[in-house]
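Notes follow once the structure below has been shown.
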Amino acid sequence: MKEAPDIWNVSPASSHYSRHKRTHTGKKSFACSDCDYKTAVSSALSRHKRTHTGEKPFACPDCDYKTAVSKDLSRHKRIHTGEKPYACPYCDYRTGDTSDLSRHKRTHTGEKPFACPDCDYKTAVSKDLTGYTSALVTHKRLHVGEKPYTCDKCDYKTGDASSLSRHKRLHVGEKPYACPYCDYRTGDSSSLSRHNRLHVGEKPYACPYCDYRSGDTSALVTHKRLHVGEKPYTCDKCDYRSAVSSHLVRHRRTHTGEKPYLCPQCSYRTGDTSNLTAHIRIHTGEKP
């Protein structure tokens, strides 16, 4: 029987040893010919080059999924097999993706390592719902007004790829996410998660300044601005500022004169849903 090799006794001449040494020296010998990307690992350069060429050599045998990264294919295959080898040490959550586990664990620890340099926004996730764009990059577009994702059916633009996917479902009426407790359906997975909490009463998101709790992370972010006085949403026509994005949308209608909300009983129109609700009570006699 052959003696098992000593994995710690690596020859200084081996490629593994040379690659490991670069983690200490910071030397990045492999450079991309198309941009300024550099790396210490040749395989990382090969993987990076696929972002320029669009090459996706790793294909799923069970569906039409393709990827440029072999480990992404391994992770994807677990969707078909149902394998979830990575377990949370705090609860019974399991997943087939190590990054999902890291993200989930932060719901227990409250850690938010990714911070915006322009406001107090922090996030626990390194990537957005598409799995590719940094969640922090997506957030920073709110400050600069950048909206690179455009709808091919209307003039809608957004800084968030997942928001565009969600918006497109409004045109086709697609609602693939169904509530297991009632007949509610939605085109947005996060809306379903938020809705489900109405049934179970779960409010996992707690304010660090008071006893407010919510089942919706965005509601908590908005609430916290009441404590710190942050108003990140600014009008480009006047000096109006708001802590809530929907308030800015409503305010802008005072400049444009847009009144998209129509009374079903008469010709009354308004730019504010709360005004419409109050107006309809004139017809129904309902008291708030």
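The values are calculated or read from the model by the stated rules, or taken from the named source; none is laboratory data. Worth saying up front: this structure is predicted, and the values here are computed from it rather than measured. Every residue, glycine among them, receives a Cβ derived from its backbone with ideal geometry; neighbour counts consider all protein chains shown. What goes into the accessible areas is simple: the full protein's heavy atoms, side chains included, and nothing from ligands, DNA or RNA. Shrake-Rupley method; radii C 1.70, N 1.55, O 1.52, S 1.80 Å.
About its Cα centre, the dipole of region 96-206 is roughly 100 debye, where the only charges are +1 on Lys and Arg Cβ and -1 on Asp and Glu Cβ.
Please label the shape of region 197-260 as rounded, prolate or oblate, based on the square roots a ≥ b ≥ c of the eigenvalues of the alpha-carbon gyration tensor (a/c under 1.5 means rounded; beyond that, a/b larger than b/c means prolate, else oblate). Oblate. Between the residues Leu136, Cys35, Ser99, the greatest Cα displacement towards the positive end of the dipole of the chain, with unit charges on the Cβ of Lys, Arg, Asp and Glu, is found for Cys35.
Per residue, region 192-264 exposes 66 Å² of accessible surface when a 1.4 Å probe is rolled over the protein heavy atoms with every protein chain present. Couplings 3J(HN,Hα) for region 258-269, derived from phi with the Karplus relation 6.51 cos²θ - 1.76 cosθ + 1.60 (θ = phi - 60°), are 5, 9, x, 9, 10, 6, x, 9, 8, 8, 5, 9 Hz, where x marks Gly and Pro. Only lysines eight or more places from Lys259 in sequence, or on another chain, were considered; those with a Cα closer than 21 Å are Lys157, Lys237. In the context of the full protein assembly, Ser274 retains an accessible surface of approximately 70 Å², using a probe radius of 1.4 Å and ignoring ligands and nucleic acids. Charge dipole of the chain (Cα centre as origin; +1 on each Lys and Arg Cβ, -1 on each Asp and Glu Cβ, all else neutral): 320 debye, rounded to the nearest 20. Classification of the chain by its C-alpha gyration tensor yields a prolate form. The axis ratio a/c (a ≥ b ≥ c) is 1.5 or more, and a/b outweighs b/c.
Other residues lying with their Cβ under 10 Å from the Cβ of Val244 contribute a combined charge of +3, Lys and Arg counting +1, Asp and Glu -1. For region 85-90, backbone phi angles converted through the Karplus equation (6.51, -1.76, 1.60; θ = phi - 60°) give residue-by-residue couplings of x, 9, 10, 6, x, 9 Hz, Gly and Pro being listed as x. Specify whether the C-alpha gyration tensor of region 172-288 places it in the rounded, prolate or oblate class, a ≥ b ≥ c being the square roots of the eigenvalues: rounded for a/c under 1.5, otherwise prolate if a/b is larger than b/c and oblate if not. Verdict is oblate for region 172-288. Its DSSP H runs of at least 4 residues, each contributing -39,500 (n - 2.57), put the calculated 222 nm mean residue ellipticity of the chain at -12500 deg cm²/dmol, to the nearest 500.
For region 132-288, a simple Cβ point-charge model (Lys and Arg +1, Asp and Glu -1, everything else neutral) yields a dipole of about 160 debye relative to the Cα centre. When you restrict to C-alpha pairs under 8 Å that are six or more residues apart and normalise by the size of region 137-288, the relative contact order lands at 8 percent. Amide H contacts under 5 Å for Tyr156: Cys151, restricted to partners 5 or more places along the chain or on a different chain, H placed in the peptide plane at 1.01 Å from N.
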